[in-house]
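The block underneath contains the structure these notes are about, expressed in structure tokens.
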Amino acid sequence: MNPHLFRNQEAASRAQERIEELTGTSLDPFFDYAFVGNAAPDLALTNLERWLRATSNPALQMEQIAGIPQVGRLLVQLFGASQPIADTLIQNPELASLVLDPGEVRRPVKNSTIKAEGQKLLAAATSYLHALDRLRFLRQRWNLPIVMNDLSGKWTQEVVWRALSDLADALIELTVDVVWNEFASQKGIATRPDFMIVGFGKLGGRELNYSSDVDLVYVVEDGLDERSDRECTRFFEAFGRAVSDRMGRGSLYRVDLRLRPYGGAGPILRSMRAFEAYYQLYAEPWEVQALLRSQPIVGSESLKERWEAMRVQHCFRPKLSEMSFEHMLAMKARIETGASEDDLKRGEGGIRDVEFLAQILQLLHGFERPELQVNATCDAIRALRDAGLLEISVADALLNGYEFLRKLEHRTQLVGDQQTHTIPSSESAREALAVLMGGSNWAEVSGTLEAHRRTIQTLYRSTLSLEPPSTGERNFVLQNLGPLGPAAIHWFDGLPESEAFYHELVQSDECLGRVQTILADAPRIVSTFKSSVSLTELLMSGEIAEVSAPEERIQRLPLTCLPQQLAEIYLHSYAVLLGQWILAPNFNLGAKLSDLLDAVIDHCCARLEIQFDVIGLGSYGSKEPCPGSDIDLLFLVGDPASHLAAEKQAQQLLAFLGQLKRLGAPIEVDLRLRPEGGKGLLVRTFDGLRAYDFDGMQMWERFALGHSRLVRGSQEALDVLMHCAYGLPLTPERLIELIKMKRRVETERVKPQHVHRQVKLGSGGLNDIEWLVHLHEMRYPTASKAGKSTDMDERIRRLCGARLLNAFEADLLLEGRRFLLELRSRIYFLGLDEDLLPENPDKLDRLARSCGFEDGNLLLAKHQSVVEPVRRLYIEGLDRLKS
């Protein structure tokens, strides 16, 4: 046993001895991996022993979890992360089968699945109390995979929240049925009235916590007589007890009814007509704000539709009055009075600030923009971003901060199933919390937390114009940049000595103009500049334009440099190139990015003493990758005796490139274009590739190899590839095979409504140009000098020189490519949907201005004037090749 794993080594040794005696298994190997990095290893060991003693066959269970390292580690992680979860497994040892079955763990949490399973459990129930116990077991059973996928990082936080919300919805629906059957039987009631349960707050927003209350209101159909109304009230009182009363397995949920009309002073049940009248005549502004995150759970479709219509009518009015806004702010201030800095929800820059900001913007703009009328906070932020009401960098910062805060809140609740939003005060609890967050220590997690809170506080105040009146330089920048102001404040407030930056922005119009250009035309890279003082200084001084050949910084690095240094220099150089292009797009960005990637790959290969050849394919092979593109690579080795060593070296290279990515370098390697795709060897020998060429290489693989470029290694490797690419004549039958494949790509990867808006794969897009050129090369390899270059402009000119294209056609393709490549990059920098001209008019106008057009209609007209002749030429070219 590792002596550094446990706080109480003596107690741990005794527990190990007891478990070994119980299971007849030596646990030393198990301890070496299962308890490393555990949030509470001593607690985990205690719970492991308790669970084994609760099982019918401890030896078999121990053999199973010790035999699968990742399973054993996950189970022990659960035992140390949450005592309630550990108690669930000890109370129900059979539930450990969920941990041991990967298929069960990955199964999505769906309302319909939970209800179907619950109905089977209830069918076997012997009494009312037994039925309620079965529902509590059902919650335990489904909580377990949610926690497992959360702790293991398999699910995003939003998926976790929605899973918890779906579970709550299903349990509420099942409980309604159980309680009504019992209630109706006792009262002799034959017909169930039409009633509805509505979820508010985090349940209504599909963002439930592990330990959330469920905020509910009860609604009944109009026109019930006094007796029926009284019976429904008694039913809902019984329902509330069934959900919230503690039994042997605890309660299902704590029920909070205070969001009903008149709060705790009002009746718990009202008719739908009474709700409509209340929100029309009496509801306070904060109650309307709460209504925004409401969603029916149980009820008829007619009642649900009326509720949603009422929600839309009262939440999304033509204008939010200043008085209502002030009232909401005052209510928020009262709720947050006395909140400590450790309060993740109510403290400054906390969860509530993000939710309040999103909700206010929804209330302000939701009338004119129905896409903003959503329930969930993250959905609202994304909708506000897509509508242009939040800058991309601002929205991303809010989303990242909200997810981090909610994750930290979740981890604090997970430990003891307590409804808390406060960070624990003890040092040991904080260190355990840091481990559950995936950090190395609390100082690291605390630093990230403070950075997120500062960012959220800044964006909250600047976006809602809550900054105090000021004539200072910071306020000048905020006001002068208009809608871009909050994004600028987010950027510069996050830098040390921000006052100096604001001073420079005020003093220099050129400096402010460069910053404004980045904010307006490249919000996707703002976060990269924000994270680097040196990058921001280069931009503001204008010296960014003077940086030449940034790849030389990587070429000068010693092979013994730290991976962190290599990643930082690559990211810095990458951002410089992007910034240069945005400020002055007068150079080939794809070629410059390729040179930078070449330098990184060459450095990695040299430091790892790589002996095989590295080939670039796809857009990287053509030296025209768009920012954010994958790097398509192929590895070859000449000597068959070196193949095994080369395969191991390839694994090392990929691992090192993956490490650079984790350290922040924007590098994403793709090897799927290698022979046999993801199932193939990482490295192929020349002879192996020749054999594959002879036996099984498909035409689309030959087509892909036509974009090969030697990144590092021998010319012979490239010669072998060129033989594969062009050695087989392109007969009419083979041409038809390739054309069919392209059509399949177009229909499968491009939605019908996007055919004329997809810049790369759509009609007349970049792919049409690429295929037209390359098919001509494959048909006439000698005349076109196929394989002599991967530069597409040069290849087009060669086809013209060989009279395979006329001068007009060549100019058409060259000009079309220049326009489409720039358009594709502009779409990336603005953070729009990949390679797609937006349909949203505001987004289209912004893209148009970035491209130098006055409005979106002019951009669309230009795009149409490019792609229509390109498509005609592509079709005509195919007809020529077929003849």
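The values are calculated or read from the model by the stated rules, or taken from the named source; none is laboratory data. Bear in mind that the values here come from a model prediction, so they are computed numbers and not experimental data. Cβ: placed from backbone, ideal geometry, glycine included. Neighbour counts: every protein chain shown. With ligands, DNA and RNA removed, areas are computed over all heavy atoms of the protein, side chains included. Shrake-Rupley method; radii C 1.70, N 1.55, O 1.52, S 1.80 Å.
A few points about this structure:
- Residue in region 764-804 that is nearest to residue 589 (Cα to Cα), counting only those that are free of Cβ contacts under 8 Å to residues at least 40 places away in the same chain, of a type in the set (A, V, I, L, M) and in contact with a Leu (Cβ under 8 Å, 6 or more places away or on another chain): 796
- Count of region 287-333 residues which are open to solvent by less than 20 Å² (accessible area, probe 1.4 Å), part of a helix (DSSP H, G or I) and more than 25 Å from residue 236 (Cα to Cα): 5
- For region 109-131, the candidate set comprises residues that are free of Cβ contacts under 8 Å to residues at least 24 places away in the same chain, hydrophobic (A, V, I, L, M, F, W, C) and assigned to a helix (DSSP H, G or I); within that set, the residue that is surrounded by the most Cβ atoms within 10 Å (Cβ to Cβ) is 121.
- Among residues of region 200-250 being without any contact (Cβ under 8 Å) to a residue 60 or more places away in the chain and of a type in the set (Gly, Ala, Ser), the one that is surrounded by the fewest Cβ atoms within 10 Å (Cβ to Cβ) is 223.
- In region 745-762, the residues that are open to solvent by less than 40 Å² (accessible area, probe 1.4 Å) form Cβ pairs under 6 Å with partners that are in a helix (DSSP H, G or I), at six or more places apart or across chains, as follows: 759/820; 759/823; 759/824; 761/749; 761/767.
- Summed over region 763-790, the residues that are open to solvent by less than 60 Å² (accessible area, probe 1.4 Å) and either aliphatic (A, V, I, L, M) or more than 12 Å from residue 817 (Cα to Cα) (or both) give a count of 18.
- Within region 8-52, the set of residues being in contact with a helix residue (DSSP H, G or I) (Cβ under 9 Å, 6 or more places away or on another chain), among the acidic types (Asp, Glu) and exposed (fewer than 13 other Cβ atoms within 10 Å of the Cβ) comprises just one member, 28.
- Residues of region 709-718 satisfying the condition of being closer than 19 Å to residue 791 by Cβ and either modelled with pLDDT under 90 or assigned to a helix (DSSP H, G or I) (or both): 715, 718
- Residue, least open to solvent (accessible area, probe 1.4 Å), within region 269-286, restricted to residues that are within 15 Å of residue 193 (Cβ to Cβ) and not in a helix (DSSP H, G or I): 269
The rows are residues; the columns are (1) under 27 Å from residue 481 (Cβ atoms); (2) in a helix (DSSP H, G or I).
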{"residue": "358", "(1), (2)": "yes, yes"}
{"residue": "361", "(1), (2)": "yes, yes"}
{"residue": "374", "(1), (2)": "no, no"}
{"residue": "383", "(1), (2)": "yes, yes"}
{"residue": "412", "(1), (2)": "no, yes"}
{"residue": "430", "(1), (2)": "no, yes"}
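- Scan of region 517-575 for residues that are hydroxyl-bearing (Ser, Thr, Tyr), part of a helix (DSSP H, G or I) and either surrounded by fewer than 20 Cβ atoms within 10 Å (Cβ to Cβ) or in contact with a helix residue (DSSP H, G or I) (Cβ under 6 Å, 6 or more places away or on another chain) (or both), ordered by number: 517, 527, 528, 534, 536, 541, 570, 573
Okay, residues lined up against (1) in a loop (DSSP other than H, G, I, E, B); (2) touching a Leu at 6+ places or on another chain (Cβ under 7 Å):
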{"position": "465", "(1), (2)": "yes, no"}
{"position": "506", "(1), (2)": "no, no"}
{"position": "510", "(1), (2)": "no, no"}
{"position": "514", "(1), (2)": "no, yes"}
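- Of the residues 5, 74, the single one that is under 30 Å from the mean Cα position of the chain (by Cα) and open to solvent by 10 Å² or more (accessible area, probe 1.4 Å) is 74.
- Spans of strands (runs of 3 or more DSSP E) in region 608-707 with at least 3 residues farther than 29 Å from residue 565 by Cβ and open to solvent by 10 Å² or more (accessible area, probe 1.4 Å): none
- Note on region 579-607: among residues that are open to solvent by 10 Å² or more (accessible area, probe 1.4 Å) and polar (S, T, N, Q), the one that is nearest to residue 700 (Cα to Cα) is 588.
- Within region 142-160, tally of residues that are surrounded by fewer than 16 Cβ atoms within 10 Å (Cβ to Cβ) and assigned to a loop (DSSP other than H, G, I, E, B): 4
- Residue in region 169-189 that is of a type in the set (Ser, Thr, Tyr), in a helix (DSSP H, G or I) and within 17 Å of residue 250 (Cα to Cα) present: yes
- Residue satisfying condition, being modelled with pLDDT of 95 or more and either buried (at least 16 other Cβ atoms within 10 Å of the Cβ) or under 28 Å from residue 577 (Cβ atoms) (or both), within set 860, 881: 860
- Filtered residue count, region 161-191, keeping only those that are free of Cβ contacts under 8 Å to residues at least 40 places away in the same chain and open to solvent by less than 40 Å² (accessible area, probe 1.4 Å): 1
- Within region 58-71, tally of residues that are open to solvent by less than 30 Å² (accessible area, probe 1.4 Å) and either not hydrophobic (A, V, I, L, M, F, W, C) or not in a helix (DSSP H, G or I) (or both): 1
- Residues (in a loop (DSSP other than H, G, I, E, B), closer than 23 Å to residue 288 by Cα and over 39 Å from the mean Cα position of the chain (by Cα)) located in region 212-268: 221, 222, 262, 266, 267, 268
- Residue count for region 39-74, restricted to those that are small (Gly, Ala, Ser), more than 22 Å from residue 438 (Cβ to Cβ) and at pLDDT 85 or above: 3.
- Given (1) at pLDDT below 95; (2) under 24 Å from residue 395 (Cβ atoms); (3) among the small types (Gly, Ala, Ser), number of the condition residue 358 does not satisfy: (1)
- Unmet requirement for residue 846, which otherwise passes all of (1) open to solvent by 80 Å² or more (accessible area, probe 1.4 Å); (2) among the basic types (Lys, Arg); (3) more than 16 Å from residue 626 (Cβ to Cβ); (4) assigned to a helix (DSSP H, G or I): (1)
- Any hit, region 820-832, residues being part of a helix (DSSP H, G or I), surrounded by 18 or more Cβ atoms within 10 Å (Cβ to Cβ) and over 37 Å from the mean Cα position of the chain (by Cα): no
- Some residue of region 93-108 being part of a helix (DSSP H, G or I), touching a residue at least 60 places away in the same chain (Cβ under 8 Å), under 18 Å from residue 151 (Cβ atoms) and open to solvent by 40 Å² or more (accessible area, probe 1.4 Å): no
- Close pairs (6 angstrom Cβ cut-off, 6 or more residues apart or separate chains): over 10 Å from residue 524 (Cα atoms) in region 825-844, surrounded by 18 or more Cβ atoms within 10 Å (Cβ to Cβ) and among the charged types (D, E, K, R) anywhere: 835/760; 835/824; 836/757; 837/757
- Residues that are at pLDDT below 90 and open to solvent by less than 20 Å² (accessible area, probe 1.4 Å) within region 437-456 comprise just one, 439.
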